[in-house]
Amino acid sequence: MKILTLALLSLFLPLAGLSQEIYLETLAVKSASPLLQKGIFTITRQDIDKSTATNIPDLLAQYSLANIQRRGAFGSQGDVSIRGATFDQSVIKVNGLSVNDPQTGHHNLDIPVPLEAIERIEVTQGTINIVTARQPNRRLKANFLGGQYNLWGGGLSVNDLSYQHLASSGWRDNTEFQNDTLYYQQVIPGTWGTSSVTLGYIRKDFGADRFYSQAFPDEKETTSAFLATGRTEFFTGQLHWQPQASFRLHRDYFILDRNRPDWSFNDHRNSTLFFGLPLMIPLQRHRLIASLDFRQDAINSSNLQQHHRNAYSWSARFTPQLDASWQLELGLREDFYDPDPVRSVFRPSIDLNYTINQHWLMLAGIDRFHRLPTFTELYYSDPANKGNASLEAEKGWNYQTGIKYKIRQVNWQNILFYREMRNAIDWAKYPGETSWQARNISSVNSYGLESTCDINNHLKINYQYLNNRLTAVDYLSKYNTNYLKHTASLHISYTLPWQIKNDWVAIYRKPSQLSPYTLFDLKISRQINPHWTAYLSGTNLLNSYYEEISGIPNPGRWLLLGLQYQH
């Protein structure tokens with residue numbers, strides 16, 4: 001880890017003395033045109049502070065635009081899907097850099113960033129982007145909490161360093177957990193440019209009750225992830241450069257029967273290395289952003305053996321200056337692979353906005369996507385599951401159109417979307433088969449509606465309708481037929497006498513295959529003095545029984561008390 005940190009510093013710190021300070025999200029996180037609207041839904045820092053959530057999966061689950069299927073409590077493990085995509089298809093980013101796990105999408109939410117370090121989370125078509133906050137100097141914040149089922153923990157943030165610990169004996173047998181997250185971010189302004197280095201680590205140790213097999217309920221799992229990123233930003237003449245790099249390590253140690261730890265276990269270790277060189281080129285009134293990227297995924301596993309693959313990519317985004325009412329962005333990208341499951345993939349995209357007046361805006365977009373099989377889909381093997389080394393990449397098109405309305409403190413957005421996918425990968429069983437087999441099983445067409453309304457940050461209403469249509473239905477599907485058909489969330493914030501704040505969340509979900517359910521969460525807080533705040537938090541207050549994955553019940557009512565200090 002020390003060698004990697006020194007390498008990142010040596011790569012990016014020499015450029016820290018290059019120009020005036022520039023916000024690092026300019027190219028990597030934001031759209032090429034700040035006016036271009038792409039149907040992004042944002043969870044703000046204020047939303048995070050109001051929430052009962054203590055981790056990223058639980059926070060996302062409180063909103064209807066991302067489907068989170070949790071196996072464990074308090075973020076131990078969760079699968080995320082967006083607009084009908086499976087958990088392997090959704091893209092997870094931190095500050096614009098992908099952190100997807102090449103072994104399996106089950107670990108995509110092993111994100112080494114505590115909630116306290118997050119400025120906002122952007123949810124858009126197939127992508128969740130976590131943007132971390134640039135912390136002010138001389139900042140101290142601490143959080144202490146305790147609750148039912150021997151829950152205890154908290155967090156500490158000092159300037160650019162954040163740490164969080166959560167542990168519980170579990171709400172039933174084999175559901176205990178202990179999660180630790182550490183994150184550090186350093187921004188270095190200079191006379192020629194701005195550089196940043198981030199380091200993050202997360203470790204989760206938890207009882208995995210029936211996570212993957214109903215026949216073996218006493219499963220146990222430990223996962224850990226380390227993430228290092230570096231980025232610098234500088235000008236040479238009118239050219240705007242932003243070289244960036246990231247390195248991610250992940251380990252997954254799984255025991256099928258914790259009472260016989262040496263009988264059956266898997267030890268998976270994977271890594272992802274990324275280098276990118278974006279360049280912004282002003283063309284009179286227009287803007288062009290070009291980039292060259294390299295990515296390497298590798299795994300060393302007791303079950304999957306050793307494998308690696310390299311991806312070489314070029315991309316370009318062009319934003320012409322049009323009439324004041326129109327904004328347009330054209331994108332091109334091509335990826336080359338070694339070894340090559342596909343020789344190359346060419347992906348165009350187009351986004352168009354039309355401003356009707358100061359209150360109304362219309363948007364539309366088209367883009368092509370593709371996804372390589374994960375290492376698990378290719379090579380995993382046990383008596384109940386068989387990978388398939390002959391799998392082809394998934395590919396297809398995304399379409400969306402929508403309208404936005406804003407007046408005073410009211411923001412309203414409606415998006416219609418359609419997604420067509422070919423060579424869809426699923427774990428499937430045909431009649432007479434005893435094990436699940438990874439296959440390019442069918443085409444899947446997804447369509448639906450997203451609607452959001454925000455009134456003065458005190459009332460937020462979100463709704464999504466989704467329908468998936470499979471061309472082949474003569475098999476038993478493990479994932480593609482399990483999605484949320486209807487989901488809605490209502491967020492209400494108000495202040496009672498004596499400055500007591502109430503933040504309610506009501507969530508309704510209608511899965512395609514499981515029973516519908518409604519959840520109520522509440523956070524009551526009061527600021528004692530300028531530094532101390534006390535709060536009472538409760539999730540699933542109705543004590544509803546519900547499953548997000550068949551056969552794995554989620555916790556009932558869970559109450560906790562907390563105390564926050566900031567200076």
Collect residues whose amide H, placed 1.01 Å from N in the peptide plane, falls under 5 Å from the amide H of GLY78; neighbours closer than 5 in sequence don't count. ARG71, LEU109
Under the Karplus relation with 6.51, -1.76 and 1.60 and θ = phi - 60°, whole-Hz ³J(HN,Hα) for region 239-253, x at Gly and Pro, equal 7, 10, 9, 8, x, 8, 8, 8, 9, 10, 10, 9, 10, 10, 10
Once every DSSP H run of n ≥ 4 in the chain is given -39500 (n - 2.57) and the sum is divided by its residues, what mean residue ellipticity at 222 nm do you get, rounded to the nearest 500 deg cm²/dmol? -1500 deg cm²/dmol
Tell me which chymotrypsin sites (Phe, Trp or Tyr not before Pro) from region 307-365 have a DSSP coil assignment and no more than 14 other beta carbons within 10 Å of their own. none
The summed charge of the SER64 Cβ neighbourhood (under 9 Å; Lys/Arg +1, Asp/Glu -1) stands at 0
Computed FRET value (nearest 0.05) for GLN358 with ASP323, which takes r as the C-beta separation and R₀ as 22 Å: 0.85
Here the gain from full extension of ASN529 to LEU332, 0.36 nm per residue of separation minus their alpha-carbon distance, amounts to 65.5 nm
Please find the FRET efficiency linking LEU559 to GLU420, where r is the Cβ-Cβ separation and R0 is fixed at 41 Å, and quote it to the nearest 0.05. 0.35
Taking 20 °C and 1.002 mPa s as the conditions, I'd like the Stokes-Einstein D for region 408-567 in µm²/s, using the Kirkwood hydrodynamic radius from alpha carbon pairs. 112 µm²/s
Explain nothing, just the number: relative contact order of region 384-509, from Cα pairs under 8 Å at least 6 residues apart, as a whole percent. 20 percent
In Hz, Karplus ³J(HN,Hα) per residue of region 102-119 (6.51, -1.76, 1.60; θ = phi - 60°; x = Gly, Pro): x, 6, 6, x, 4, 9, 5, 9, 7, 9, x, 9, x, 4, 5, 8, 9, 8
When GLU450, GLU233, GLU116, GLU122 are arranged by how many other beta-carbons sit within 10 Å of their Cβ, fewest first, they go GLU122, GLU116, GLU450, GLU233
All other residues with a Cβ under 11 Å from the Cβ of ASP426 taken together, and with Lys, Arg as +1 and Asp, Glu as -1, what is their net charge? 0
Which distance in nm do the two modelled labels at SER512 and THR481 give, with both placed 7 Å along the Cα-to-Cβ direction? 0.9 nm
Arrange PHE274, PHE294, PHE417 by Cβ neighbour counts within 10 Å, fewest through most, would you? PHE294, PHE274, PHE417
Amide H within-cut-off set for SER264, under 5 Å, with H built and near neighbours excluded: LEU256, ASP257
From Cα pairs below 8 angstrom and at least 6 apart in sequence, can you work out the relative contact order of region 97-189, rounded to a whole percent? 21 percent
Hand me the trypsin sites (Lys or Arg not before Pro) from region 123-217 located in a DSSP loop with no more than 10 other Cβ atoms within 10 Å, in residue order please. ARG138
Can you flag which of LYS204/LYS404; LYS50/LYS510; LYS404/LYS478 are past 32 Å Cα-Cα? LYS204/LYS404; LYS404/LYS478
For a Förster distance of 30 Å, can you work out the FRET efficiency between the beta-carbons of ARG134 and ARG285, rounded to the nearest 0.05? 0.45
Along the three principal axes, how long is the chain when you take its alpha carbons, biggest first, rounded to the nearest angstrom? 66, 65, 51
Report the relative contact order of region 157-199, percent, no decimals, based on alpha-carbon pairs under 8 angstrom and at least 6 residues apart. 32 percent
Need the full-extension length gain, ASN456 to ASP173, defined as separation in residues times 0.36 nm minus the C-alpha distance. One decimal, nm. 97.5 nm
Order by neighbour count: SER390, SER477, fewest other Cβ atoms within 10 Å first, most last. SER390, SER477
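None of the figures in this text is laboratory data; all of them are computed from the coordinates on show. Just so it is clear, the structure is predicted and the values come from calculations on it, not from any experiment. Note: ideal-geometry Cβ built from the backbone for every residue, glycine included; neighbour counts use all protein chains shown.
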